[in-house]
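Student: Quick one: structure below, then a few questions.
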Amino acid sequence: MANTMNKEARKVYEDGEGGIHRLPDECLAKAIGLTSPADACRAAAVSAAFQSAADSDAVWERFLPPDCDAVLERAVHIVDASCKKELFMDLCDEHVLIDDGKMSFGLQRSNGSKCYMVCATELQIAWANVDLYWRKRSDPDSRFSKVIELVSVCLLSIYAIINIKELSPGTHYAGYLVFKLAHDASGLGSSRQISFVEVDEQPVGKVYTASLHPCTRSSCELDRECESSTMEEPHEHKQEDDGSGIAVVRYPRQRVDGWLELEMGDFYTGKIDDPTANVKIALSEHEELQWKKGLIVEGIEIRPKN
């Protein structure tokens, strides 16, 4: 019985009279648009009829954020694409600078959710305007015109604020400090150094002990995984917290663009009811107050967690 049904289904598919190929492109496009970008790419490989529908603007318009055009109006340079699919792929492959170069904008390839990075010069950093402690400079590896380098401080406070309306609804986001270390970097692994997320000054999720020095455990099973661009889980270990208990310490991992990133915390936009709420993603150390130097910050990236 099952074999008979399969043969009949295949005949309907292959039959030009009444087969699926006779469905109007707009019907195929509507159905494919209810799937995902990856599914649309697979559908395009099925047949010429599917490719026409799967590559259409009607499909890829559904994968772009509803306010994508409004965001791109803020771009530093005109974003030009021949079709919606090309625009989607371009924004997944490379962020575009917006707001006079203060932020970058891109898309998550799996579902088209919005991603941003706030430039280091737009972050709230304690003493950032005092040349004795921090200095702004260019860096050939950065997407932004300036990065900010730590000369010497004992109190560290770095955070970004982004309005919830900038982000995709119903999406699980995380904030990442994107940075690298000078050859003489020191003091950036204090047990009192923490990272956290707040929404309108109310804590969200856990507070983490955060080391900006890479993990040096010789037996660490995550070392190789941490260098992988597909590794989404934070690199972290449990360790004793100065005799007061067990702390989870997060470590940075290597990005494919050559920078390091530290996952600072995460949040879910679907649980934030106020459409005007501000999300704060922060790193601070103001207890131990040991001297620190050699931190080179590109920005804080806010992107969906897979």
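The values are calculated or read from the model by the stated rules, or taken from the named source; none is laboratory data. Just so it is clear, the model here is predicted, and its values are computed rather than measured. Virtual Cβ from ideal backbone geometry, glycine too; neighbours counted across all protein chains shown. These accessible areas exclude ligands, DNA and RNA; they are computed on the full protein's heavy atoms, side chains included. Shrake-Rupley method; radii C 1.70, N 1.55, O 1.52, S 1.80 Å.
Student: Exactly one condition in (1) among the aliphatic types (A, V, I, L, M); (2) more than 21 Å from the chain's Cα centre (by Cα); (3) not in a loop (DSSP other than H, G, I, E, B) is false for VAL118; which is it?
Tutor: With respect to (1) among the aliphatic types (A, V, I, L, M); (2) more than 21 Å from the chain's Cα centre (by Cα); (3) not in a loop (DSSP other than H, G, I, E, B), VAL118 is out only on (2).
Student: Out of the residues in the stretch 195-208 meeting the condition of being closer than 21 Å to THR121 by Cα and buried (at least 21 other Cβ atoms within 10 Å of the Cβ), tell me which one is nearest to the chain's Cα centre (by Cα).
Tutor: Checking each candidate, the answer is VAL197.
Student: On to the next question. Testing ASP139 on (1) more than 20 Å from the chain's Cα centre (by Cα); (2) under 23 Å from ALA75 (Cα atoms); (3) open to solvent by 50 Å² or more (accessible area, probe 1.4 Å), one condition comes back false. Which one is that?
Tutor: Condition not satisfied by ASP139: (3).
Student: Could you list, in sequence order, the residues of the stretch 131-177 that are without any contact (Cβ under 8 Å) to a residue 12 or more places away in the chain and in contact with a strand residue (DSSP E or B) (Cβ under 9 Å, 6 or more places away or on another chain)?
Tutor: Correct list: SER138 only.
Student: To continue, here is another question. Please determine whether any residue of the stretch 220-227 is open to solvent by 30 Å² or more (accessible area, probe 1.4 Å) and modelled with pLDDT of 90 or more.
Tutor: Among the residues of the stretch 220-227, not one is open to solvent by 30 Å² or more (accessible area, probe 1.4 Å) and modelled with pLDDT of 90 or more, which makes the answer no.
Student: Pull up the stretch 37-87, narrow it to residues that are among the aliphatic types (A, V, I, L, M), open to solvent by 60 Å² or more (accessible area, probe 1.4 Å) and assigned to a helix (DSSP H, G or I), then point me to the one that is modelled with the highest pLDDT.
Tutor: Of everything passing the filter in the stretch 37-87, ALA58 is modelled with the highest pLDDT.
Student: Turning to a different aspect of this structure: Taking the stretch 99-114, which residues are in a strand (DSSP E or B) and surrounded by fewer than 21 Cβ atoms within 10 Å (Cβ to Cβ)?
Tutor: GLY106
Student: For the stretch 135-154, name all the residues that are outside any loop (DSSP other than H, G, I, E, B) and in contact with a Leu (Cβ under 6 Å, 6 or more places away or on another chain).
Tutor: Correct list: LEU150 only.
Student: Specify which of the listed residues (SER211, SER157) is open to solvent by less than 60 Å² (accessible area, probe 1.4 Å), out of contact with any Cys (no Cβ under 9 Å at 6 or more places or on another chain) and at pLDDT below 95.
Tutor: Residue meeting the stated conditions: SER211.
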